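Report on the following structure.
The values are calculated or read from the model by the stated rules, or taken from the named source; none is laboratory data. No experiment lies behind these values; they were computed from the predicted model shown. Cβ coordinates were reconstructed from backbone atoms using ideal geometry, including for glycine residues, and neighbour counts include every protein chain displayed.
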Amino acid sequence: MKKTIQRWVGTGTALTLVAGLLAGCGGNDNTQKPDTAAPGTAAPGASAKPFEGKTLNLVTANHPWADAIKPLLPDFEKATGMKVNVESFFEDQLTQKLTVQFTSGSATPDVFMFRPLQEGKLFYKNGWLQPLDEYKDKDAAYDFNDFSKSAIGSTTVEGKLAGIPVITEQEILYYRKDLLAKAGIAVPKTIDELTAAVKQLHDPKNEMYGFVARGQRSPLVTQVSSFLFSEGADFMVGDKATVNTPEALKAFTTYGTLLRDYGPPGVLNMSWPQAIGIFAQGKVAFYTDANSIYKNATDPAKSKIADQVGFAVFPAGKAGSKPYNITSWGLAMNTKTANKDAAWEFIKWATSKDVVTKTQQKGNPGARASVWETPEGVAGFPAELAAVTKESAKIGVDHDRPTVISVGEARDAVGEIVQKVMAGETNIQPVADKANQALQAIIDKEKGK
């Protein structure tokens, strides 16, 4: 899924810095043992500034999370004695820069932002991601178990922890509060209820459409994934492609039929900007997509229905409600860095409870369950959306696309199934069989079979 860096808006404002050193929520009193020191602080008996004179090179995306973390860096530098140099790039430039540097064997950057489901497998296979398993449990105050299991699943490759989540996303249901209230329709809790409500509110003669979502071949794959999981299916199970099972066909058919029969004109060519754009214009009753783009529908400057947008947990299918809950951006350590301890100290600090609270207050959804339970942690989101996000994180699945290196090729193969449904194909089994064969070939090639 193409995650654009403009999704989280309104977060460029500088954070208000708090006095004192940034410490993790595990406390920082004199009774702490050396291995339980809070992130960014020194353990008793250790040097007050354990990384005095060290310089750390950090590369980020031009992303609101980076905007939120930068004003906090002076506190980290003061606490550790470390100097952090930051470079930021647009999404595609970032991937290109990292690829060039790592291919040449560069020891910098020491720490970098990356997209786990888009490039994690490739980076790990190439030996560019330092496994963090030996670091995560060193400090009890860090509380690694506080992270959402599915978000950690996104950053785990071949059983190894390849990064730490900084930004998560979940697929949710957007709906028009006013339309549902007027029609006396309850917020759908199942896919069958959603389908019935979509039919009831579909009124194309008056330019009101029942449903919209991504219809483009590759972009739609990430959003049909929650339909797939909720019907008890998946793109692959182990090393076996499974997009041609009866459960998978049901999910693809449901999604494609909703778009074909109840979507607006041109939906076949829509990715998320076009889909949420027409929803924000007040022409659609229901919309499914990532929660991360919600401000495009709630910002009065962009939306005609800003005060009428509702948020709900993805509706349940045969297997229950199983939306994706993924890490869209994580922090990783360069395998070749000469400053591994310093690099981990930064990652530990940047993903500590205290710092996640501060970045989340600026609208950057983190992966720590405890932060979502605090008033400060949910302050940057509409109350209904915060509740939906918390619930989705508990029940979510850790991927939203086939987990292969050649992810673009795999998405094209799967997306064709849905597009055939949208085009009116009545028997999609042959199409699904062909897509399954193509996906299996990708899997086998990457496994060296």
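Does A432 satisfy the condition of being among the hydrophobic types (A, V, I, L, M, F, W, C), in a helix (DSSP H, G or I) and either closer than 20 Å to G153 by Cα or outside the structural domain of P265 (by TED's automatic domain parsing) (or both)? When the stated conditions are applied, A432 does not pass them. Taking the conditions (1) more than 17 Å from S154 (Cβ to Cβ); (2) surrounded by fewer than 21 Cβ atoms within 10 Å (Cβ to Cβ) in turn, V371 satisfies each one other than (2). Would you mind stating whether S225 is surrounded by fewer than 22 Cβ atoms within 10 Å (Cβ to Cβ), in the same structural domain as D433 (by TED's automatic domain parsing) and hydroxyl-bearing (S, T, Y)? No. Scanning region 155-176 for residues that are closer than 14 Å to L117 by Cα and assigned to a loop (DSSP other than H, G, I, E, B) yields T155, E158, A162, G163.
Would you confirm whether or not region 174-184 contains a residue that is touching a Phe, Trp or Tyr at 6+ places or on another chain (Cβ under 7 Å) and either surrounded by 24 or more Cβ atoms within 10 Å (Cβ to Cβ) or not assigned by TED's automatic domain parsing to the domain that holds I278 (or both)? Reasoning before the result, please.
Pass one, region 174-184, residues touching a Phe, Trp or Tyr at 6+ places or on another chain (Cβ under 7 Å): 174-175.
With either surrounded by 24 or more Cβ atoms within 10 Å (Cβ to Cβ) or not assigned by TED's automatic domain parsing to the domain that holds I278 (or both) added as a condition, the list becomes 174-175.
Yes.
Test S303 against the stated conditions and say whether it is without any contact (Cβ under 8 Å) to a residue 40 or more places away in the chain and either under 28 Å from H63 (Cα atoms) or buried (at least 19 other Cβ atoms within 10 Å of the Cβ) (or both). Yes: the conditions hold for S303. For residues in region 400-415 being assigned to a loop (DSSP other than H, G, I, E, B) and touching a helix residue (DSSP H, G or I) at 6+ places or on another chain (Cβ under 6 Å), which is farthest from A151 (Cα to Cα)? Among those that are assigned to a loop (DSSP other than H, G, I, E, B) and touching a helix residue (DSSP H, G or I) at 6+ places or on another chain (Cβ under 6 Å), it is S406. Going by what's in this entry, would V418 be described as β-branched (V, I, T), part of a helix (DSSP H, G or I), at pLDDT 95 or above and farther than 17 Å from T168 by Cα? Judged against the criteria, V418 is a match. Counting only helices (runs of 4 or more DSSP H) that sit wholly inside region 317-397, those with at least 1 residues that are touching a Leu at 6+ places or on another chain (Cβ under 7 Å) and touching a residue at least 60 places away in the same chain (Cβ under 8 Å) are 340-350, 353-360.
Consider region 51-93. How many of its residues are closer than 14 Å to M113 by Cα and of a type in the set (K, R)? Adding up the residues that qualify gives 1. When the residues of region 247-305 are filtered to those that are among the small types (G, A, S) and within 21 Å of the chain's Cα centre (by Cα), the one that is farthest from P219 (Cα to Cα) is A297.
Considering only region 172-190, state which residues are touching a strand residue (DSSP E or B) at 6+ places or on another chain (Cβ under 6 Å) and of a type in the set (V, I, T). Reasoning before the result, please.
Keep residues of region 172-190 that are touching a strand residue (DSSP E or B) at 6+ places or on another chain (Cβ under 6 Å), which gives 172-177, 179, 187, 190.
Within region 172-190, I172, V187, T190 meet the criteria.
Mind checking which residues of region 347-371 are among the hydroxyl-bearing types (S, T, Y), over 17 Å from the mean Cα position of the chain (by Cα) and under 12 Å from A68 (Cα atoms)?
Quick first cut of region 347-371, residues among the hydroxyl-bearing types (S, T, Y) only: 351-352, 357, 359, 370.
This time we only want the ones that are over 17 Å from the mean Cα position of the chain (by Cα), so: 352, 357, 370.
The one that is among the hydroxyl-bearing types (S, T, Y), over 17 Å from the mean Cα position of the chain (by Cα) and under 12 Å from A68 (Cα atoms): T357.
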